[in-house]
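Right, one structure below, let's go through it.
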Amino acid sequence: MYRIGSIQNGSFEAKPGHKWSWETPPAPIPENEIIETIEADVVIAGAGISGLACGCRAAQLGGKVVVLEKYTTFVHRGAHMGAINSKVMEAKGIKIDKYQFVRDWIRACGNRCDEKLVWRYVNNSEKVMNWVIDMGESYGVGCEIFGGYYKGPDYTEYPGTHILVGRPDCTLGNPDRKKMPAGSQAACEIFITEIKKHGGEIIYRSPAVQLEKDETGRVIAVIAKAEDGYRRYIGRKGVVLATGDIGGDPEMVAAYAPIGLKPKRNAYNPPKMNTGDGHKMGYWAGGTFEDGPWPTTIHLTAYALYTFFFLFVNIEGNRFMNEDNWIQAKSLNVLRQPGGEFAYTVFDSDWVDAVERLSPIGGGQFWEPLVTFYGVPWKGESNGIPQAIEHYLNKGLAFKADTIEELAEKMGVPVENLTKTVGRYNDLADQGEDKDYGKRPELMLPIRKGPFYALKWGPAFLNTDGGFNVDMDLNILDADRKPIPGLYAAGNTIGGLYGVDYPVILNGNSHGKCMTFGYIAATKMMTGNTDDLI
Ligand SMILES: Cc1cc2nc3c(=O)[nH]c(=O)nc-3n(C[C@H](O)[C@H](O)[C@H](O)COP(=O)(O)OP(=O)(O)OC[C@H]3O[C@@H](n4cnc5c(N)ncnc54)[C@H](O)[C@@H]3O)c2cc1C
């Protein structure tokens, strides 16, 4: 799911007076270079989870759908899909108070999100998740709820994260495959199968390059560039920009989400597909963006995948934060440390017992396996994490030693600093009060029993989460905040939902949002209204 980030980020330095390259629109493609014109009801640029969800719904509503994709195949990553109160949650007795949830979301987003858009997602995620669950059932794909959400009091994460799991009777895709599709791959395969079943097409290696408007200002077509030339795809009912985020274009990141240039590792795959093409095309068509800087998703995937809650030290061997926090906070804190690339978690040989005992009052991603199901307790003997740590020891991503001094030497941090930091931490643990960072006393465990361990972990840039101002039907808004007729956004081309940072209060809300908003845009384009949605 997460590959250890090995790809270097790009860099970009805007000199004073720099004119951003996209501020100059390209010349229209000459008519004589367009080798064919194809008509459809809905044309979608981007075969990621949002574009495919949108295409699936539009095709089911009777539309002729064309999805244009720049890459050689469809794109998926990750397993988590956030929704509030689906039928699978109900069957497990999970009911989220959506009013509290939205209040928490708004607080986590620093009050910079568009509250109406948050409600649009929260209110409709149940219906859309149930739609995916029902389709999954018909293809032999089950659905579970993720159990690895943070259970502590202050950085509340809600148990609304769904994981699709292909069963042995799964009928999607290649019947000879050894491993059944799961997570967002399963969702994308369901959408593709449905699009094709309803006569739609997905055309690979065909990047969308420009939009066309008619004389009334309505966006009517997308020009795509295939290997043999340009084709015009007319979208009678609408055109959707679902081309993902801007993270693969360092110039755009410098302009709109500059913190995204800081992580030294990048985990987006396939690399460099997310160059903000849809953002640029929509901008040239008069679309406007939310205020910057845009939110980003920066997760702890660059080295070892576990941090737990034990003592964190930077490369100078000094403590720097309350370790009882969520993944975005940990990632962002490391960016502000010396070196800005990685930190260490230091713990002793009682660690398995400690994590097992304390998971019910803590947990969350990077304490727990990335795929762990609701109600399944953290058990070192069965969850593979102790084996993962052994693997990290062999790979140089973890260190083990009989003394703290020896550990510091292996880590390459100043021995004197680490010894002092561990001593101070143990004193605070003994006193039952974290006078330095205010960590809950239950999580302040002294580090005394060798052998001692250090895990190396650090932030990787996944994607940006910002973009167009949209209305509640995902119509892109112009400078007067009026919808541009015919032009929609879905997934990471939209802005307004997050404000400052990716809010992990619901793991997988990114995929949840992609599917929900893709569904809403399709409904609007195909039926002319969204009266059956909340
Ligand atoms: C490693 C990793 C793991 C993740 N795990 C999770 C998770 O578990 N849960 C979660 O909610 N989120 C997760 N995310 C975030 C999530 O994957 C994205 O936010 C989400 O996929 C965005 O969907 P999208 O459809 O907007 O864009 P994308 O999935 O990026 O799809 C956009 C598509 O458009 C194509 N494209 C680009 N330009 C053009 C063009 N000009 N013409 C045609 N096609 C074009 C791209 O090739 C791509 O196929 C993860 C991200 C990463 C990097």
Report the Cα centroid-to-centroid distance between the range 94-161 and the range 8-34 in angstrom, as an integer. 37 Å
Once Rh is set to the Kirkwood radius over Cα pairs, what Stokes-Einstein translational diffusion coefficient, in µm²/s, holds for the range 345-397 at a temperature of 20 °C and a viscosity of 1.002 mPa s? 181 µm²/s
When 1/r is averaged over all different Cα pairs and the result inverted, which Kirkwood radius in Å belongs to the range 333-429? 15.4 Å
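Find the lysine pairs in the range 217-315 meeting two conditions, Cα atoms under 24 Å apart and a separation of 8 or more places or different chains, and report how many there are.
8
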Over the chain, cysteine residues that find no other Cys C-beta under 4.7 Å are C54, C56, C143, C170, C188, C514
Ignoring ligands, DNA and RNA, please state the percent of accessible area on the chain from carbon and sulfur, probe 1.4 Å. 50 percent
Note to self: C-alpha centroids of the range 226-247 and the range 456-505 sit apart, in Å, by 18 Å
Other-chain or far-sequence residues with amide H under 5 Å of G363's (modelled H): K151
Between F373 and T216, what is the label-to-label distance in nm when each label sits 7 Å out along the Cα-to-Cβ direction? 5.2 nm
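Send over a whole-number figure in Å² for the accessible area per residue of the chain, probe 1.4 Å.
Spelled out: the 1.4 Å probe surface of the chain, per residue, equals 39 Å².
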Cα-based shape type of the range 72-173, given that a ≥ b ≥ c are square roots of the gyration tensor eigenvalues and the cut on a/c is 1.5: prolate
Under 1.5 on a/c is rounded, so check that first for the range 383-453, then, if it is not, pick prolate when a/b is larger than b/c and oblate when it is not; a ≥ b ≥ c are the square roots of the alpha carbon gyration tensor eigenvalues. oblate
Take the Cα gyration tensor of the range 179-323, multiply each eigenvalue by 5, square-root it, and list the three semi-axes largest first, rounded to whole angstrom. 38, 22, 13
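Work the Kirkwood hydrodynamic radius out for the range 451-534: mean of 1/r over every pair of different alpha-carbon atoms, inverted, in Å. Display every interim value, and only then the final one.
Details: mean 1/r = 0.0677 Å⁻¹.
Hydrodynamic radius (Kirkwood, Cα only) of the range 451-534 equals 14.8 Å.
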log₁₀ of I(q)/I(0) at q = 0.09, 0.14, 0.21 Å⁻¹ - the range 86-239, Debye sum with one point per alpha carbon: -0.48, -0.97, -1.21
Ignoring ligands and nucleic acids, E39 exposes an accessible area, probe 1.4 Å, in Å² to the nearest 10, of 90 Å²
Under a 1.4 Å probe, counting only protein heavy atoms, H198 has an accessible area in Å², nearest 10, of 80 Å²
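Could you sort Y230, Y121 by their accessible area in this structure, using a 1.4 Å probe and putting the largest first?
Highest to lowest solvent-accessible surface, that is Y230, Y121.
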Listed by chain and number, the aspartates and glutamates with an alpha carbon less than 18 angstrom from that of K178, same-chain partners under 8 positions apart left out, are D169, E189
Report, for the chain, the % of DSSP beta bridges that are antiparallel, rounded to 5. 65 percent
Taking the alpha-carbon distance from K98 and a cut-off under 17 Å, which aspartates and glutamates remain once sequence neighbours fewer than 8 residues away in the same chain are dropped? E90, D114, E115, E126, E157
To the nearest 0.05, the calculated FRET efficiency linking V500 and N32 through their beta-carbon distance, R0 being 56 Å, is 0.70
For the chain, fraction of C-alpha pairs farther apart than 45 Å, in %: 16 percent
Once every Cα of the range 1-92 carries one equal point scatterer and solvent is ignored, give the base-10 log of I(q)/I(0) from the Debye formula at q = 0.14, 0.21 Å⁻¹, two decimals. -0.96, -1.16
Would you kindly state how much longer the chain becomes between E405 and L335 on full extension, computed as 0.36 nm times their sequence separation minus their alpha carbon distance, in nm to one decimal? 22.6 nm
Separation between the E316 and D430 pseudo-spin-labels, each 7 Å from Cα along Cα→Cβ, expressed in nm? 2.6 nm
In whole Å, what three semi-axes, largest first, describe the equivalent ellipsoid of the range 209-264 built from its Cα gyration tensor (square root of 5 times each eigenvalue)? 30, 15, 9
Leaving out same-chain residues fewer than 8 places away, which lysines sit with a Cα under 16 Å from that of K420? K435
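The values are calculated or read from the model by the stated rules, or taken from the named source; none is laboratory data. Bear in mind that the values here come from a model prediction, so they are computed numbers and not experimental data. Cβ atoms come from the backbone with ideal geometry, glycine included; neighbour counts cover every protein chain shown. Ligands, DNA and RNA are stripped out before the accessible areas are found, and what is left, the full protein with its side chains, is counted by its heavy atoms. Shrake-Rupley method; radii C 1.70, N 1.55, O 1.52, S 1.80 Å.
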